[in-house]
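> Before we start, here is the structure in question, set down as structure tokens.
The values are calculated or read from the model by the stated rules, or taken from the named source; none is laboratory data. Predicted model only: the values in this text are computed from it and were never measured. Positions of Cβ are generated from backbone atoms using ideal geometry, with glycine treated the same way; all protein chains shown enter the neighbour counts. Ligands, DNA and RNA are stripped out before the accessible areas are found, and what is left, the full protein with its side chains, is counted by its heavy atoms. Shrake-Rupley method; radii C 1.70, N 1.55, O 1.52, S 1.80 Å.
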Amino acid sequence: MPFMTLTEKDFFGREEELPNLYRRALDTKKGIAQNIFLSGPRGIGKTEILKQLFIRLFWRQDEIVPFYYSVSNAILSAADFSRDFLIRFVSQRLAFEKKEQALLSLEAVSLRGLSSLAEARGALWARELLDRYGLSSAEPIDSLRIALNAPLQSTLSTGKPVVVMIDEFQRLNGLQIHDIADPGLVSLLEVPLSFKKASHLIAGSDAEIREMSLSGGFAKLTVQPLGPEEASSLLLSLLQARGIAIDATPHALVHHLGGNPFYLRCIATALRPNETFGEEAFWSAYHYEIMNGRLYLYWSSLLKTFFPDLSRRKDALELLHKIYSSGATPPLQKASDDFLGSDANAEALLGALHHAGFARGEFGVFRAPEDRVLRDFIDCLYMKEILGKSSRDIETELLARLSGTKEKGVSFEIALPRLKESELVAARCFEQMGKNLHISEDMIGQIQMALIEACINAIEHGDGEDGNIHLVLSFMKDRVEVSVESPGREFIVRETGEPFTGQEHAETPGRGWGIKLMKRFADSVRFEKTDRGTRVILIKNIRRPEDIHKEGAANGE
């Protein structure tokens, strides 16, 4: 095969995404398939989904030709890229005809050898395509155009539609002519992207792809983290494959990893078969991965890729540590002033951090990511590279901090349909949970009011393919956090991070009260853009009866 894939039994938690993509791919035959941008944070599994889709299309049907290509940083010369792209497409296209797995494994095949193979197979379209490419090899732009249009030409010649899957798509911005990168070369994809019977599915760095000028009407599909059960099942399966049998995985660690398949595989690799597998062994493996393992190598290499200069890398590390530790969410320009002073390259530094995935930069504000593992990595690297602490001191500090994550309270996730009066279901669920956790009725009532308004807001503004409102109700010792997330248009003002109130809203009686009521009944209200759409986070500090009693006694009441 042209790539390694998981076996089907080890591919967890994608019961919706993969069949959905498979059905969409089959629509290519009808000429109604959309180009798709597969979105999601690093490590979430976008590449594996593309590979699994290729396998399904290759083996389970005969009408839609699958083509998978991962753009490599090592092949960015326009001439080298076009040759590699064309050879891989023709090889996979010929392999599909007779389901020849061996043909998919061909390495270092020459254009002449591939042309002879095409002629022997009677694939005159491939022979003509390769000959035309050979005649244009002296002109990099012409040869690049021929290669990128190869799936389209194949479809026109044979009548068989093609699904083109391009991973690490953002790297196409780095294609070079005479050793000079020319982002404009991506425009050569304009014709292939507009052809409905050669649909494209792309994946890679979200931040960079969003800034590319792409035609073809991409529909965005977001790959979500694995749920707790799927994450635990994946970890158990990975451990079993290594000869490690345990009854259950540590809930706190699985939660900390955030349903990221890459992180789960790193932990499984770090554990040794002859170890005693208590919870501490898992946390020690996590520390090893943060400091020395595959996880460390992945994030540190990414940091070096975007900041090859050591001094700028240290600037980036210090900036990240300040942002992560402060929890600040200032506008981007203010972030430059607050954290980098008069640094003339501050904007470029912030942009690179955003592109690399180390920071979020939506709606004009600069935020720390929700990725707890990435934040731990940055903290440890900062202690090592900037503060000069020893590995033992870093381990002690990290494990001490992580010990506080093992009991963070109770959290529930609920998916509600975006229908009228769904907010009442959410309010009732919160009421029952609050009573079980002995929260006062007054406080329950206040949070319910804010929750109802947030849900109504999500119902009104929601759109997109996901028809649900996603709620997370978190009950901690000192506070309650309620997250209400829905797919929807970006209705947040970039400069302030606040929802806008357009002229049509201002002139409509009763509009705008929802936000005011949320702020009235919650102690804190925050609005964020997410991969699904928009999230409202409500925070209410808890004052339990025993705390009120102690306060009254201290005041002599």
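> Suppose the chain between residue 440 and residue 242 were pulled fully straight at 0.36 nm per residue; how much longer would it get relative to their current alpha carbon spacing?
Working: separation 198, 0.36 × 198 = 71.28 nm, distance 4.92 nm.
Extra length from residue 440 to residue 242 when fully extended: 66.4 nm.
> With every protein chain left in place and a probe of 1.4 Å, what is the accessible surface of residue 29, to the nearest 10 Å²?
Spelled out: residue 29, probe radius 1.4 Å, area about 100 Å².
> If the reach is capped at under 19 angstrom between alpha carbons, list the lysines near residue 435, excluding any in the same chain fewer than eight residues apart.
Once the sequence-local lysines are set aside, what remains near residue 435 is 408, 477, 540.
> Can I ask one more? Report the full-extension gain for the segment residue 229 to residue 472: residue separation times 0.36 nm, less the Cα-Cα distance, to one decimal in nm.
Values: separation 243, 0.36 × 243 = 87.48 nm, distance 1.64 nm.
So the chain would gain 85.8 nm between residue 229 and residue 472.
> From the Cα gyration tensor of segment 214-321, with a ≥ b ≥ c the square roots of its eigenvalues, which class applies: rounded if a/c is under 1.5, or else prolate if a/b is larger than b/c, or else oblate?
Working: a/c = 2.52, a/b = 1.36, b/c = 1.86.
Oblate, since a/c reaches 1.5 and b/c is not below a/b.
> Further question on the same structure: Would you mind computing the Rg to Rh ratio of segment 71-185 from its alpha-carbon coordinates, Kirkwood style for Rh? Walk me through the intermediate numbers first.
Numbers: Rg = 14.0 Å, Rh = 14.6 Å.
With Rg and the Kirkwood Rh in hand, the quotient comes to 0.96.
> Oh, and also: For segment 169-271, which whole percent of the accessible surface, found with a 1.4 angstrom probe, sits on carbon and sulfur atoms?
Details: 2210 of 4330 Å².
Answer for segment 169-271: carbon and sulfur cover 51 percent of the accessible area.
> Of the listed peptides 95-102, 280-287, 81-88, 292-299, what is their order by residue-averaged count of other C-beta atoms within 10 Å, with the highest listed first?
On the way: 95-102: 13.4, 280-287: 19.4, 81-88: 21.6, 292-299: 17.5.
Listed from highest to lowest mean packing, they are 81-88, 280-287, 292-299, 95-102.
> I've got another one for you. What order do you get for 138-144, 316-322 when each peptide is scored by the mean count of other beta carbon atoms within 10 Å, highest first? Please list the in-between numbers first.
Values: 138-144: 17.0, 316-322: 19.4.
Final packing ranking: 316-322, 138-144.
> What do you reckon, how do 380, 429 stack up by accessible area (1.4 Å probe), largest on top? Don't skip to the answer; put the middle values down first.
On the way: 380 0, 429 45 Å².
Heavy-atom accessible area, descending, gives 429, 380.
> P(r) for segment 161-235, please, calculated from all Cα pair distances in 5 Å bins and given in %.
Reading upward from the zero bin: 3, 13, 20, 21, 14, 11, 7, 6, 4, 1, 0.
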